[in-house]
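Enquirer: Structure below; questions to follow.
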Amino acid sequence: MTKIKNPSIMLVVSVLLLSICQGELYSAEIERWDLMMIDSAHIWKNLLTKYPYAEHQKHWPERKTGLEQIVNKYPDSQWADDAALILACGKFEFEGKAGVDELQSNSEAYAKGYFGNAEQAIKDLRTIIDSYPHAKSIIDPVWFAGLGCKFNGVWLSSQGGLVSLNSDGTIQTSKPFDRSGAIPQKHKEVLAYFDHLEKYPVYTKHIAHLFISEILGHQGKFSEAASELEKVLSDLSEFEKAVKADNVAANGPDGVLIKRGLDRPEYKAFSALIGYNEKAGDHEKVVPITDKYAPIINQGAHYQMIRHIGEIYEKHGLRLKAKSQYQIALDKIQLFSGLKQEASWLETKIKSI
């Protein structure tokens with residue numbers, strides 16, 4: 001996505017493209033995503049150094065070198081914060097893991113309580129929060145144990161059609177999405193996805209707070225972890241504005257990628273906040289927290305999260321609230337295609353309550 005950290009170094013243009021095949025006028029107030037990706041490939045290609053490889057620990061030193069090139073050589077680029085996030089995660093996942101058997105996988109080591117330089121990782125993540133207060137990220141908000149940071153799935157799957165790396169590390173670029181004079185439907189969906197995220201972004205600072213919380217939770221500091229998550233959820237008006245916009249965009253003609261589930265950090269923060277309060281023994285907080293965020297989440301397009309709220313209510317014996325949530329989730333699903341199994345599960349749940 002186009003992540004403008006310093007407007008003076010990012011050319012912001014108006015793009016007007018006549019779609020020959022459908023007679024549509026594509027317009028955007030920002031640089032079109034495919035054009036931006038091709039133009040900045042020499043920078044962001046370093047994000048993909050040795051990504052993804054099965055032996056993550058083994059390839060980390062080489063991966064780290066590629067990421068440091070972005071931070072050191074292009075500190076003002078729109079990719080510097082993403083590289084910094086991955087480096088901070090790597091300090092916790094891959095560096096200084098005393099006691100890890102060589103035959104043990106990194107994910108097993110994580111599960112058994114081995115971790116690397118947690119103190120420095122948290123320090124680096126807090127520096128990222130201070131250094132990039134308005135930056136927008138392509139990092140997935142879910143922490144993957146043993147793997148560290150992963151990329152937004154749409155970004156990762158879409159960039160390969162624009163830029164590829166030769167065996168010697170040089171860049172080979174393809175033509176942009178309108179290579180035949182028109183933008184095919186699947187590419188319109190990609191452009192719509194990133195245009196939407198530019199307007200209603202995933203913020204780097206929220207990802208950093210999530211990862212700090214993950215480290216604290218792994219250390220058993222559940223109350224501290226919960227406090228960190230509350231910072232992600234502090235601006236309810238912005239969260240509500242984003243999920244409402246998600247719902248509108250998901251039901252638009254090019255909204256299929258948003259409809260499939262746009263994982264905002266706030267969703268992860270809400271779910272993890274419930275979990276940490278339960279682990280800390282603060283069960284009395286769970287329902288009030290759920291009541292606070294359910295009305296906002298219900299306005300969005302993320303039916304899995306809406307269903308999850310129903311599961312929380314059901315777990316705490318609030319059957320009528322659970323039934324209502326399941327019905328809202330079912331109503332969302334019925335707007336989509338290809339989710340018959342999920343719809344059937346919800347219908348059965350509703351009848352059983």
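Every number in this text was worked out from the coordinates using simple rules, so none of it is lab data. Every value quoted in this text rests on a predicted model; they were computed, and no experiment measured them. Ideal geometry is used to build each Cβ from the backbone, glycine not excepted, and the neighbour counts take in all protein chains shown.
Enquirer: Quick one: which residues, 5+ away or cross-chain, put their amide H under 5 Å from the amide H of PHE151? H built at 1.01 Å from N.
Expert: ASP140
Enquirer: Then there is this: Could you work out how far the C-alpha centroid of region 170-187 sits from that of region 339-353, in angstrom?
Expert: Their Cα centres are 41 Å away from one another.
Enquirer: While we're here: Taking neighbour counts of Cβ atoms within 10 Å as a proxy for exposure, in what order, fewest first, do HIS308, HIS59 appear?
Expert: Values: HIS308 19, HIS59 16.
The most exposed by this proxy come first: HIS59, HIS308.
Enquirer: Can you tell me the FRET efficiency between HIS316 and ASP168 if r is taken as the Cβ-Cβ distance and R0 is 41 Å, rounded to the nearest 0.05? Show your work: numbers first, answer last.
Expert: Numbers: r = 58 Å, r/R0 = 1.42.
Using R0 = 41 Å, I get an efficiency of 0.10.
Enquirer: Taking the Cβ-Cβ separation of ARG179 and LEU156 as r and a Förster radius of 30 Å, what is the calculated FRET efficiency to the nearest 0.05? Don't skip to the answer; put the middle values down first.
Expert: On the way: r = 21 Å, r/R0 = 0.70.
E(calc), rounded to 0.05, equals 0.90.
Enquirer: Under 5 Å between amide hydrogens, which residues at least 5 positions from VAL163 or on another chain qualify, with H placed 1.01 Å from N in the peptide plane?
Expert: SER174
Enquirer: Taking other Cβ within 10 Å of each residue's Cβ, how do ILE43, ILE312, ILE215 sort, fewest first? Working shown, then result.
Expert: On the way: ILE43 17, ILE312 21, ILE215 25.
In order of increasing Cβ crowding within 10 Å: ILE43, ILE312, ILE215.
Enquirer: What is the spin-label model distance, in nm, from SER131 to LYS73 if the labels are put 7 Å beyond Cα along the C-beta direction?
Expert: 1.7
Enquirer: Top mean-square fluctuation among GLN325, GLN334, GLN57, Gaussian network model of the chain, C-alpha springs under 10 Å?
Expert: Checking each option, the largest mean-square fluctuation is seen for GLN334.
Enquirer: Once label points are set 7 Å from the Cα along Cα→Cβ at both SER344 and SER223, what is their separation, rounded to one decimal in nm?
Expert: Simple spin-label model gives 4.8 nm for this pair.
Enquirer: Sticking with this one: Using the count of nearby Cβ atoms within 10 Å as a rough guide to exposure, how do LEU320, LEU273, LEU162, LEU339 rank from fewest to most?
Expert: On the way: LEU320 9, LEU273 24, LEU162 19, LEU339 16.
Ranking LEU320, LEU273, LEU162, LEU339 by Cβ neighbours within 10 Å, fewest first, gives LEU320, LEU339, LEU162, LEU273.
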